[in-house]
Amino acid sequence: MAREKQLEAEAEATPERSYREQLDALNPIAQPLASRKLTRKLYKCIRKAAKHKQIRRGVKEVQKFINKGEKGITVLAGDTLPIDVYCHIPIMCEDKGLPYAYIPSKADLGAATGSKRPTCVIMVKPHEEYQEAYDECLEEVQALPLPL
């Protein structure tokens with residue numbers, strides 16, 4: 001508990017780029033992009049899921065579990081280069097009927113999982129401990145317009 005508070009204090013002390021500054025580094029394929037409010041909700045849901053070990057992290061792992069038919073929200077980082085690394089993931093999500101959204105920063109996405117390492121793709125699985133937050137995020141991600 002004390003360690004978590006210490007980590008939160010360190011995270012608040014480090015200078016972060018604002019949401020607008022992060023939007024400047026986005027890829028052209030980063031659609032549908034989560035709003036600032038939804039991005040915060042997704043980070044919160046990811047933190048809860050990581051605490052209960054209910055996330056899939058990284059392109060290889062997420063791709064494997066999408067193919068196996070696992071359900072969840074797929075969150076992609078919009079500032080990943082080269083885009084060839086993960087540009088097939090949204091297509092797989094659409095084929096399987098899974099909701100997905102882009103967020104501006106892979107560093108923040110990695111930090112939300114409790115890791116210092118940036119990550120470009122995460123799948124959040126549903127769990128009864130954080131079901132309310134998950135359902136709220138799921139509803140908002142499904143409401144985002146899909147790219148043409």
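Here are the numbers for this structure:
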quantity	calculated
Point-charge dipole on Cβ atoms (K/R +1, D/E -1) for the chain, about Cα centre, debye to 20	460
In order through the range 106-119: 3J(HN,Hα) via Karplus (6.51 cos²θ - 1.76 cosθ + 1.60), integer Hz, x for Gly, Pro	6, 5, 5, 5, x, 5, 5, 7, x, 10, 7, 7, x, 9
Calculated FRET value between LYS60 and GLU136, using beta carbons and R₀ = 25 Å, to 0.05	0.30
Accessible surface of the chain, 1.4 Å probe, proportion on carbon and sulfur as whole %	51
DSSP-assigned coil residues among trypsin sites (Lys or Arg not before Pro) in the range 19-110, each with at most 16 further Cβ atoms within 10 Å	LYS53, LYS71
Computed P(r) (all Cα pairs; the chain; 5 Å bins; percent)	2, 10, 20, 24, 23, 13, 6, 2, 0, 0
Pairs from LYS37/LYS96; LYS37/LYS106; LYS51/LYS71; LYS44/LYS125 whose Cα-Cα separation, in the structure shown, is over 23 Å	LYS37/LYS96
Potential extension, HIS127-ILE83 segment - 0.36 nm per residue separation minus Cα distance	12.8 nm
The chain: antiparallel DSSP beta bridges as a percent of all, rounded to 5	60
Relative contact order for the chain, counting Cα pairs under 8 Å that sit 6 or more residues apart, in percent	33
Accessible solvent surface per residue of the chain, calculated while the other protein chains remain in place, 1.4 angstrom probe, Å²	60
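The values are calculated or read from the model by the stated rules, or taken from the named source; none is laboratory data. What you see is a predicted model, and the numbers here were worked out from it, not measured in a lab. Cβ coordinates were reconstructed from backbone atoms using ideal geometry, including for glycine residues, and neighbour counts include every protein chain displayed. Keep in mind that these areas ignore ligands, DNA and RNA; they rest on the heavy atoms of the full protein, side chains included. Shrake-Rupley method; radii C 1.70, N 1.55, O 1.52, S 1.80 Å.
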